[in-house]
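The values are calculated or read from the model by the stated rules, or taken from the named source; none is laboratory data. Small disclaimer: the values here were computed from a predicted structure and weren't measured. Cβ atoms come from the backbone with ideal geometry, glycine included; neighbour counts cover every protein chain shown. Please note that ligands, DNA and RNA were not included when accessible areas were found on the heavy atoms of the full protein model with its side chains. Shrake-Rupley method; radii C 1.70, N 1.55, O 1.52, S 1.80 Å.
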Amino acid sequence: MIGGLPAGLDALVWDGEGAAPGDEELRGVEFFCLPYLRHAAAVPVIRRLPSLKVVQTLTAGMDDVLPYVPEGVVACNARGLHDASTAELAVTLILASLRGVPRFVRLQDEGRWSQEFHDSLADRRVLIVGYGSIGRALAARLEAFECEVVKVARRARPEERVHGVGELAELLPAADVVVLLTPLTPESRQLVDAGFLARMKDGALLVNVARGPVVDTAALLAELSAGRLRAALDVTDPEPLPADHPLWHAPGVLITPHVGGPSSAFLPRAKRVLREQILRFEQGEPLSSGH
């Protein structure tokens, strides 16, 4: 239960599994929160909501939902909900990749003790591409690792020492780690193409915790296969990644199955976001992160 909502509020609960409620039950729905990790099942329900005024997601990205939101309906993402969890995973992927953890796990499976020298995060330059709320959370966590953080957003914000995306060509060659946090838009689709990757220094690490299509998979595979770059990917294109896809076995890659958000940090923050949005809606106030 969410708690803290007005008494008598009429709510219909569906978790996205099994059959959706019938048309009669859905007729009066004005505020629709899509069930987390069940967007594919929930998106068709949008067109069955004649009284709909608000579509709310529990994700930061809305690229898979916005095409289905009717004109005149407010669409809201969950800005801030996944900051802590996604930033934690980004740090995990960086450290695991640099310190050789995937190899050590494989050696453990073989019962082999092999001391090796690996890169440290200390003294490295980390370039964050897509410096929004998750980027801020990541930068705050990186401060303790004695590394330099360079920030890039769609537009430059000199007062925050944030570069514009147009400066990427100059910034990429000096970065040891490039973390992708940009939302998926027409401008960011395949932003990380062959040219982008070619500008990265030899041995650099690409970390994608944004959306899979931000990266040109074929171009990344070419760089990984050549052994020039490394990658840590929480998202891929295609997704889910088919079992026979060459990305699974490319050298220097660490893959997690889009788990930046799902953690113990999710539920309390999701309840808080949803409570605040419903209260704003009930009181006729502007909604947060509305499109």
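Table: residues versus (1) open to solvent by 20 Å² or more (accessible area, probe 1.4 Å); (2) out of contact with any strand residue (DSSP E or B) (no Cβ under 7 Å at 6 or more places or on another chain).
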{"position": "Val13", "(1), (2)": "yes, yes"}
{"position": "Val29", "(1), (2)": "yes, yes"}
{"position": "Leu37", "(1), (2)": "yes, yes"}
{"position": "Lys53", "(1), (2)": "yes, no"}
{"position": "Val65", "(1), (2)": "no, no"}
{"position": "Arg79", "(1), (2)": "yes, yes"}
{"position": "His82", "(1), (2)": "no, yes"}
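Kindly indicate which of Ala169, Ala198, Ala210 is at negative phi and part of a loop (DSSP other than H, G, I, E, B).
Numbers: Ala169 fails: part of a loop (DSSP other than H, G, I, E, B); Ala198 fails: part of a loop (DSSP other than H, G, I, E, B).
Exactly one residue qualifies, and that residue is Ala210.
When restricted to residues that are open to solvent by 40 Å² or more (accessible area, probe 1.4 Å), in contact with a strand residue (DSSP E or B) (Cβ under 6 Å, 6 or more places away or on another chain) and not in a loop (DSSP other than H, G, I, E, B), region 255-291 contains 2. When region 216-225 is filtered for residues that are touching a Phe, Trp or Tyr at 6+ places or on another chain (Cβ under 9 Å) and either open to solvent by less than 20 Å² (accessible area, probe 1.4 Å) or assigned to a helix (DSSP H, G or I) (or both), only Ala219 remains. Residues in region 104-118: is at least one modelled with pLDDT of 95 or more, in contact with a Leu (Cβ under 9 Å, 6 or more places away or on another chain), on the phi < 0 side of the Ramachandran plot and open to solvent by less than 10 Å² (accessible area, probe 1.4 Å)? Looking through region 104-118, none of the residues is modelled with pLDDT of 95 or more, in contact with a Leu (Cβ under 9 Å, 6 or more places away or on another chain), on the phi < 0 side of the Ramachandran plot and open to solvent by less than 10 Å² (accessible area, probe 1.4 Å).
When you check Ala87 against the structure, is it surrounded by 14 or more Cβ atoms within 10 Å (Cβ to Cβ) and part of a helix (DSSP H, G or I), yes or no? In short, yes. Which one of these is open to solvent by 30 Å² or more (accessible area, probe 1.4 Å), under 30 Å from Thr185 (Cβ atoms), not assigned by the TED database to the domain that holds Glu239 and not β-branched (Val, Ile, Thr): Ala19, Ala41? Answer to the selection: Ala41. If you go through region 122-144 and keep only what is touching a strand residue (DSSP E or B) at 6+ places or on another chain (Cβ under 8 Å) and open to solvent by less than 50 Å² (accessible area, probe 1.4 Å), you end up with Val126, Leu127, Ile128, Val129, Gly130, Tyr131, Gly132, Gly135, Leu138, Ala139, Leu142.
When Leu184 is tested against (1) hydrophobic (A, V, I, L, M, F, W, C); (2) surrounded by 17 or more Cβ atoms within 10 Å (Cβ to Cβ); (3) at pLDDT 95 or above, exactly one condition is not met: (3).
Quick check on region 189-209. Is at least one of its residues farther than 19 Å from Arg125 by Cβ, touching a residue at least 12 places away in the same chain (Cβ under 8 Å) and open to solvent by less than 30 Å² (accessible area, probe 1.4 Å)?
Step one: of region 189-209, the residues farther than 19 Å from Arg125 by Cβ are 189-191, 193-195.
With the extra rule that they be touching a residue at least 12 places away in the same chain (Cβ under 8 Å), the set shrinks to 189-191, 193-194.
With the extra rule that they be open to solvent by less than 30 Å² (accessible area, probe 1.4 Å), the set shrinks to none.
No, region 189-209 contains no residue that is farther than 19 Å from Arg125 by Cβ, touching a residue at least 12 places away in the same chain (Cβ under 8 Å) and open to solvent by less than 30 Å² (accessible area, probe 1.4 Å).
Does Val149 qualify as being open to solvent by less than 10 Å² (accessible area, probe 1.4 Å) and either in contact with a Lys or Arg (Cβ under 6 Å, 6 or more places away or on another chain) or among the hydrophobic types (A, V, I, L, M, F, W, C) (or both)? Judged against the criteria, Val149 is not a match.
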